[in-house]
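Colleague: Provided herewith is a single structure, encoded as structure tokens, for subsequent inquiry.
The values are calculated or read from the model by the stated rules, or taken from the named source; none is laboratory data. Treat the numbers as computed from the prediction; the structure is a model and nothing was measured. Every residue, glycine as well, gets a Cβ built from its backbone with ideal geometry; the counts of neighbours run over all protein chains shown.
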Amino acid sequence: MGFNKQHQYVKNQEAHHKALTFREEYIKLLKAHEIEFDEKYLL
């Protein structure tokens, strides 16, 4: 990832996290990588 892409990524974090909570994003990541999990153990 080049500097400009990294800069944009960091710059857009606040807006990004308004759309998804950390928990929602974490679940999305687990599902995308087909990692089994039990939601009762997540924050």
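Colleague: Quick one: what pairs do we get from region 13-42, first residue touching a residue at least 40 places away in the same chain (Cβ under 8 Å), second among the β-branched types (Val, Ile, Thr), C-beta under 7 Å, 6+ apart or different chains?
Modeller: none
Colleague: Against the definition (in a helix (DSSP H, G or I) and β-branched (Val, Ile, Thr)), how does residue 27 come out, yes or no?
Modeller: It is true that residue 27 is in a helix (DSSP H, G or I) and β-branched (Val, Ile, Thr).
Colleague: I've got another one for you. I want to confirm something. Restricting to region 28-43 and keeping residues that are in contact with a helix residue (DSSP H, G or I) (Cβ under 9 Å, 6 or more places away or on another chain) and modelled with pLDDT of 95 or more, which single residue is surrounded by the most Cβ atoms within 10 Å (Cβ to Cβ)?
Modeller: The selected residue is 37.
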